[in-house]
Amino acid sequence: MIVGIDLGTTNSLIGRIEKGRPRLVLGPDGKALVPSVVTFTPEGPIVGAPAKDNKSSSPKTTIYSAKRFIGRGKADIAEAMKHLPFDFSPSTDNSVRFQVCERSYTPVEISSLVLKELKRLAEKEFGEKVEKAVVTVPAYFDDSQRQATKLAGEIAGLEVMRIVNEPTAACLAYGLDKKAHGLLAVFDLGGGTFDISLLRVHEGVFEVLATNGDTQLGGDDLDLAVLQGLGFSPQTPEEKARHLVEAERAKRDLSEKESTELLGKPLTRAQFESFIAPVLARVEEPCRQCLQDAKIKPEQITDVILVGGSTRVPLVQRRVQEIFRREPICTLNPDEVVAMGAAVQANILDGQMTGMLLLDVIPLSIGIETMGGVVSRILHRNSTIPVSGVEHFSTYVDGQTNVDIHVVQGERELSKDNRSLARFQLKGLPPLPAGIPKLEVEFIIDANGILNVRAAELRTGKTASVTVNPSYGLTDQEVEKMLMDSFENADKDFSERFLIEAKTEAEGMLRATRKALSRGSELLSSEERMEIDSAVAALEGSLSSADYKVVKEKMEFLNQASQSFAEKLMNHSVQEALRGKDL
Ligand code: AMP
């Protein structure tokens, strides 16, 4: 049996398909939602609803929203850390750890405790062992966040058969009832993350066309915005925790009612909407970008599906309607639809369900750094997975025996502006002249969206391989900023890239020319020699220029000046060869 799991920021769910229908496991309180909260007691950790009840009374020992931190580095989440009542351990490295009394826990460990509890509940409900699962993640999770999620599953004793993107899973759940067809937009706003995906669904094939999002935007931010809007600034951990719990309650009230009160102050829906409007404005750009990437106009979309608890907020629904110009559908419970879809995917993998095929995509491009810090992109964002790509390179210096390979993820032209995923070395190459070794780098993204890189030198068969295993991933602001920057700075990036490429090419040309001059200068008249020397000097001089066009122009000069020399050298070589001499 393979189960489907929605590991959420706020709540998690587990279920499977029975007689062709999803069946979600109900918690002790009779609800399918298990709060993704862990409270540490002297008797051990407690997970779920009882832990959630401890949020206000034991704020220092009750950990939640671990998903916001999974696969992240400290530098990425400084802002999110500030508003939470529990402590982060002062580790010297970049890893995020929650400090609970004497011990510290990583987000992976907290998530694994939540997964373990889900596994326990499912085993009790189904009366058999649960060892295999499909786990969902936000579509916009990067490689390290996916790897960290998979690891949490493994720690909980679950073999993670597949990582599926949440919006895609939601779409599968709708597909089960044959309700989904045509072009679908899935708008997923949960407790901590926002995803937008566009899919084409036709005869059981679910093809993701594009995806975008913000992994640091969700209902938690709405709670904070309300507290700040009303002028609350809690100081103690107890106060912080109580304020957040109350703000969340008031927010839910306002999904049904026109007014409520929060910590003794009256709060109307209109006020609430004015506080959260700036936060919700952040959904617009990812939606626009996603439509643009999929080359789809809002009018072409058949249906918009709502997913995630925060889509119950009336202003969220109005924004969705404005962006996509149609009323969104939410016939399936937005809290449960992702878990149902995970169960569908589990059933497909189990070989039980045929006639349905899922074609998902990667959210960000992957490439490697080449000479001068320029990125050679090997896999483009929104490529259907599994996918692999190969790129060929050579060495730059004579006798080079090691090559450093730097893998980056992002959309910018220069390596320094993207997220560094991993560095590894291809060692022990035979010392050959520059340009002779044939290096092949292959990037393989599996069906889980997880990256593997392999590199080999083809002449010698020397290989190196790495599983990309970074200590942290991209922050969403970074992802978003990187995407935005790549559009805003496109011109600047390109001219920087051209300059670096032109200089690299020019240096190679100068080296080749010097080498040729040292071998065959007797073939040249003094006039020809002078002309070449001055073109060489001009090209050398252009290397300090900031304009790639100047470098290109001087390269062309040298090219022309040395053309007849090149022909003479060639003829000379041919004659020598005909005479049987070794060149
Ligand atoms: P999810 O991650 O999909 O479980 O979504 C959880 C988020 O949805 C939390 O931020 C909740 O506060 C929010 N949420 C759940 N129900 C409602 C509701 N009725 N109105 C507004 N927000 C809600």
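The numbers here are math on the coordinates, done by the rules we state, and not lab data. Source: prediction; values computed, not measured. Glycine gets a Cβ as well: all are built from the backbone with ideal geometry, and neighbour counts include every protein chain shown.
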Neighbourhood net charge (15 Å Cβ-Cβ; Lys/Arg +1, Asp/Glu -1) for Val313: -2
Residues meeting the amide H criterion for Thr9 (H placed from the backbone, H to H distance under 5 Å, 5 or more places apart or on another chain) are Gly191, Gly192
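Pull up the DSSP beta bridges for the chain and report the antiparallel fraction as a percent, rounded to 5. Intermediate results must be reported in sequence, preceding the final value.
Values: 81 of 101 bridges.
Expressed as a percentage, antiparallel bridges in the chain total about 80.
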Charge dipole of the chain built from unit charges on the beta carbon (Lys, Arg +1; Asp, Glu -1), centred at mean Cα; most positive-end Cα among Leu263, Pro278, Val316 is Leu263
Provide the descending list of Cα extents for the range 374-442 along its principal axes, expressed in whole angstroms. 39, 25, 17
Holding the Cα-Cα limit at 26 Å, pick out from Lys129/Lys150; Lys124/Lys150; Lys74/Lys124 the pairs that are longer than that. Lys74/Lys124
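Can you tell me how much longer the chain between Arg529 and Arg325 gets when fully stretched, taken as 0.36 nm per residue apart minus their C-alpha distance, in nm with one decimal?
Extra length available between Arg529 and Arg325 comes to 66.4 nm.
Over the range 366-473, what is the mean sequence separation of C-alpha contacts under 8 Å (at least six apart), divided by residue count, expressed as relative contact order in percent?
Values: 237 pairs, mean separation 28.8, N = 108.
The normalised contact order for the range 366-473 reaches 27 percent.
Write down the Kirkwood hydrodynamic radius of the range 131-191, to one decimal in angstroms, obtained as one divided by the mean of 1/r over all alpha carbon pairs. Please report the intermediate quantities before stating the final value.
Details: mean 1/r = 0.0781 Å⁻¹.
12.8 Å is the Kirkwood radius here.
Within the set Lys82/Lys251; Lys438/Lys515; Lys116/Lys257; Lys82/Lys265, which residue pairs have Cα atoms separated by over 27 Å?
Lys116/Lys257
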Using alpha carbon centroids, what distance separates the range 436-466 and the range 53-115, in Å? 36 Å
Mean separation of Cα contacts under 8 Å (6+ apart) over length of the chain, as relative contact order %: 13 percent
Counting only residues 5 or more apart in sequence or on a different chain, those whose built amide H sits under 5 Å from that of Ser65 are none
Would you list which aspartates and glutamates come within 12 Å of Lys549, measuring only between C-alpha atoms, while excluding same-chain residues fewer than 8 positions from it? Glu496, Glu501
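Quick one: length gained pulling Ala281 to Lys60 fully straight, 0.36 nm per residue minus the C-alpha distance?
Details: separation 221, 0.36 × 221 = 79.56 nm, distance 3.27 nm.
Extra length available between Ala281 and Lys60 comes to 76.3 nm.
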Long-range amide H partners of Val137, meaning residues 5 or more apart or on another chain whose placed amide H is closer than 5 Å, are Val164, Asn165, Glu166
For the chain, alpha-carbon Rg and Dmax in angstrom: 28.9, 101
Cα centroids of the range 302-328 and the range 184-255: how far apart, whole angstrom? 13 Å
Taking Cα pairs under 8 Å and at least six residues apart, what relative contact order does the range 210-366 come out at, in percent? 23 percent
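Between Ser518 and Lys295, how high is the FRET efficiency from 1/(1 + (r/R0)^6) when r is the Cβ-Cβ distance and R₀ = 56 Å? Nearest 0.05. Could the numbers behind the result be given before it?
On the way: r = 54 Å, r/R0 = 0.97.
Taking R0 as 56 Å, the efficiency between Ser518 and Lys295 is 0.55.
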